[in-house]
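Read through the structure below, which is laid out as structure tokens, and then see the notes.
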Amino acid sequence: MFLTVTASLLEGFVTTVRLFVLTLVFALPLGLIISFGSMSRFRVIRLPIRFLIWVVRGTPLLLQLLIIYYGPGIIFHNNVWGSNDGGRFTAALVAFAVNYACYFSEIYRGGIQSIPVGQQEAGQVLGMTKSQIFFRVILLQVIKRIVPPMSNEIITLVKDTSLARVIAVYEIIWSGQAFIKSAGIVWPLFYTGVFYLLFSGLLTMLFSHIEKKLDYFR
Amino acid sequence: MALLEVKGLQKNFGETRVLADITFSMERGEALSIIGSSGSGKTTLLRCLNFLETPDAGQILVGGETLFDGADTKRPSDSEIRRKRLHFGLVFQAFHLFPQYTALENVTLAPMLAAGEQKELTAEKKAAIRAEGEALLAKMGLSDRRDNYPHQLSGGQCQRVAIARALAMKPDILCFDEPTSALDPELTGEVLRVIRELAEQETTMIIVTHEMAFARDVADTCIFMEGGVIVEQGPAKEVIDHPREERTKQFVSRIQA
């Protein structure tokens with residue numbers, strides 16, 4: 001029984017990890033674009049972006065999942081996501097990527113704005129371009145500063161992926177819960193916690209490794 | 001012909017007039033010191049020369065080429081500004097070294113990037129830039145520090161790396177913005193010594209400083225600024241030892257007291 005449960009939970013866990021990894025793949029760069037938008041000199045860019053961040057951070061992720069999945073069908077009578085597993089997964093991915101990009105963007109913004117303007121000016125007087133200054137001077141200093149808040153947010157994402165089950169994405173909690181109905185046992189649900197713990201433990205180690213790597217400068 | 005000509009330069013921050021009609025010129029190989037109390041516009045003047053601020057009016061010419069003309073309504077492109085500001089180098093009061101790079105990397109980063117942009121970053125070019133960076137650090141007395149990161153260096157060492165970094169781009173005119181003001185008194189000597197050596201080698205320099213003895217002994221000429229205007233300018237020894245203007249006299253005696 002234990003092996004059957006483990007195998008089934010692993011299957012759900014693959015979906016969990018896939019959602020986690022793909023969310024990061026999209027949200028990490030998207031967050032950077034959003035953070036630039038939120039710092040833009042132009043109000044027409046800055047204000048809508050700030051509004052988006054406010055809405056996304058001000059409403060539950062659970063609600064956003066439901067709106068993104070069911071919204072198009074209700075409003076336009078057109079379920080753009082399709083009703084198969086892949087469609088629901090994509091809808092969940094979009095909701096997670098946008099949500100996390102907004103949180104990341106605020107961390108990036110804090111990190112970028114914490115770098116003394118003298119760094120920028122030192123690059124300028126040496127004749128560097130804006131992008132050279134950003135990528136060769138500013139970025140690594142920003143990364144060093146944002147690793148602790150980012151690791152917090154990313155570990156939260158590990159657990160937040162479980163919300164996807166609300167639109168029937170078969171992630172690990174779903175797999176665990178299925179045993180209550182099919183076999184009348186509850187422990188597989190609790191057993192899922194072990195997977196989360198191992199995964200977040202691994203990430204914690206990874207982040208402290210990165211922090212140590214970046215310890216060579218101040 | 002004068003290397004640098006500044007004519008009628010003006011700069012306002014909102015309602016505040018920071019620079020009003022600044023006019024002066026300097027020759028190649030000349031060291032010019034600028035003295036004056038805080039808020040007199042000295043730093044803003046340097047920042048205008050380095051295109052970190054855009055003046056509201058006036059002209060800046062280097063070697064006869066007009067780099068800035070307030071009468072021009074067209075905004076120069078970023079790449080034009082970059083090319084123009086390379087006539088100048090700037091050493092900041094607070095160094096602003098790049099913390100993630102070693103002393104040598106701080107010096108070679110900008111030349112490497114510039115060569116890379118020209119698609120000239122061959123292995124030989126890299127080695128040449130590196131050798132030049134090492135030579136500059138040696139000149140600053142920092143050969144043994146080239147692989148150290150800024151946080152492992154003292155303030156005086158940091159400032160000397162910053163000077164080497166500015167020299168690496170071979171500016172026509174090197175500007176110093178109170179280069180020793182952020183240093184402990186016992187560390188100012190080593191930085192002043194390096195600047196003095198540069199003056200002896202005929203480096204064209206503008207030095208904003210509160211060190212009166214240094215402004216007098218190292219600089220050929222001196223400008224005293226107050227309230228955004230040049231009150232007095234002339235040979236450094238005369239301006240500081242025998243000022244003509246009442247306001248200069250007051251300032252010099254207050255500082256030296």
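The values are calculated or read from the model by the stated rules, or taken from the named source; none is laboratory data. Because the structure is a prediction, the values reported are computed rather than measured. A quick note on method: Cβ atoms are made from the backbone with ideal geometry, for glycine too, and the neighbour counts reach across all protein chains shown. Side chains included, ligands, DNA and RNA excluded: accessible areas come from the protein's heavy atoms. Shrake-Rupley method; radii C 1.70, N 1.55, O 1.52, S 1.80 Å.
What residue, among those in segment A:34-83 that are charged (D, E, K, R) and assigned to a helix (DSSP H, G or I), is least open to solvent (accessible area, probe 1.4 Å)? Walk me through how you get there before you give the answer.
Restricting attention to segment A:34-83, the residues satisfying the condition of being charged (D, E, K, R) are A:41, A:43, A:46, A:50, A:57.
Checking which are assigned to a helix (DSSP H, G or I) leaves us with A:43, A:46, A:50, A:57.
Working: A:43: 155, A:46: 58, A:50: 99, A:57: 110 Å².
Once the filter is applied, the top-ranked residue is A:46.
Counting only helices (runs of 4 or more DSSP H) wholly contained in segment B:157-257, the ones carrying 2 or more residues that are in contact with a Leu (Cβ under 9 Å, 6 or more places away or on another chain) and touching a residue at least 12 places away in the same chain (Cβ under 8 Å) occupy B:185-200, B:212-218. Restricting attention to segment B:140-156, the residues being within 26 Å of residue B:114 (Cα to Cα), among the aliphatic types (A, V, I, L, M) and touching a residue at least 40 places away in the same chain (Cβ under 8 Å) number 1. Scanning segment A:112-146 for residues that are more than 30 Å from residue B:87 (Cα to Cα) and away from chain B (no Cβ under 14 Å) returns a single hit, A:146. When residues in segment B:69-110 are screened for being at positive phi and surrounded by fewer than 19 Cβ atoms within 10 Å (Cβ to Cβ), 0 of them pass. Counted as qualifying within segment A:105-218 are the helices (runs of 4 or more DSSP H) with 1 or more residues that are charged (D, E, K, R) and open to solvent by 30 Å² or more (accessible area, probe 1.4 Å), namely A:139-160, A:172-183, A:187-213.
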